[in-house]
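A quick write-up on the structure given underneath.
The values are calculated or read from the model by the stated rules, or taken from the named source; none is laboratory data. None of the values given here were measured: they were computed from a predicted structure. FYI the Cβ positions are ideal-geometry reconstructions off the backbone, even for glycines, and counts take in every protein chain you see. The protein model used for the area step is the full one, side chains on, heavy atoms only, and it has no ligands, DNA or RNA in it. Shrake-Rupley method; radii C 1.70, N 1.55, O 1.52, S 1.80 Å.
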2 protein chains.
Amino acid sequence: MQIRQIDAGEFPRAWPIFRDVIAGGDTYSYPPDLSPEQAQAMWTDPPSRCFVAERDGEVLGLYMLRPNHPRGLGDHVANAGYMVSPAARGQGVASAMCEHSLQQAREAGFVAMQYNYVVSSNEAAVRLWQRHGFAIVGRVPGAFRHAVHGPTDVLVMHRAL
Amino acid sequence: MQIRQIDAGEFPRAWPIFRDVIAGGDTYSYPPDLSPEQAQAMWTDPPSRCFVAERDGEVLGLYMLRPNHPRGLGDHVANAGYMVSPAARGQGVASAMCEHSLQQAREAGFVAMQYNYVVSSNEAAVRLWQRHGFAIVGRVPGAFRHAVHGPTDVLVMHRAL
């Protein structure tokens, strides 16, 4: 598996994964009908940077890295979001992208990583981030309207770099 | 005291308060050199709405109300930020704006209000929000570089509407 940064021009290769992930309505707050142009802008316009995980030329997942606050007195904290192709689950893609993003964040000078919006019912993700050193530092009641479960708590997770 | 919504054209009347508040580097993550144009865009461009508290034609404070996530499966939760003129502290301006914002948020259909970034050293604000029904639901270590205290925890606060 290779992980590398892409520019906006390559985003359409990763879009089908993005589309399939948000269509589930179970992990991201993005509207399920978000357009590819909006997704591309949010994940590739600076200061956001977009990365893909590939094997044999096939995109298995993508992630976005950015400052959690773009400029100012909170811009020492990074933020990231990850998406894995439904067909590539269980192969360690999210784990590899997480480690890659932590290293990229360190190299960019960030001193911590914060996830603002981890859907609490996504227990596999919560456990994965915990294995990668993240602690649950907040829990917002009912902040996510889960497509299946309805109002669902959202976790804030954090680790130092 | 009167509280009313303003449009972008009136924002310059409130800008001196915004400028003085962020210059302190003790409550907001905005860069202390943020331009008036950037501030105006962030606080008045839809879906953000800006309100001012006035007495005898003088602006005492301003606040911003918006969805915490602009569109999608988290847009039932509101977010707000408040600023009071240093000259008008201790007169209940923040308290009045808080109540006003909660009512505006209810009328706009939000079911909860979330503050993402309450600087923990701002103890008067934390107590004030608690008196207005907010609970501390998260604490992010060192997420704010306080001008005086250095790395300072940031609180996430929440209440149902």
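Worth pointing out:
Conditions tested, residue by residue: (1) among the acidic types (Asp, Glu); (2) open to solvent by 20 Å² or more (accessible area, probe 1.4 Å); (3) closer than 18 Å to A:Leu65 by Cα; (4) free of Cβ contacts under 8 Å to residues at least 12 places away in the same chain.
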site: A:Ser95; (1), (2), (3), (4): no, yes, yes, no
site: A:Gln104; (1), (2), (3), (4): no, yes, yes, no
site: A:Glu107; (1), (2), (3), (4): yes, yes, yes, yes
site: A:Val119; (1), (2), (3), (4): no, no, no, no
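- Residue in region A:70-91 that is farthest from the other protein chains (Cβ to nearest Cβ), counting only those that are touching a residue at least 40 places away in the same chain (Cβ under 8 Å) and among the small types (Gly, Ala, Ser): A:Ser85
- Here A:Asp26 meets each of (1) touching a residue at least 40 places away in the same chain (Cβ under 8 Å); (2) open to solvent by less than 30 Å² (accessible area, probe 1.4 Å); (3) closer than 18 Å to A:Pro86 by Cα with one exception, condition (2).
- Just so you know, in region A:61-92 the residues that are farther than 24 Å from A:Ala41 by Cβ and touching a Gly at 6+ places or on another chain (Cβ under 8 Å) include one that is surrounded by the most Cβ atoms within 10 Å (Cβ to Cβ), and it is A:Leu73.
- The residue that is nearest to the chain's Cα centre (by Cα), counting only those in region B:1-53 that are in a loop (DSSP other than H, G, I, E, B) and more than 14 Å from chain A (Cβ to nearest Cβ), is B:Ser48.
- Within region B:123-161, tally of residues that are open to solvent by 20 Å² or more (accessible area, probe 1.4 Å) and touching a Lys or Arg at 6+ places or on another chain (Cβ under 7 Å): 6
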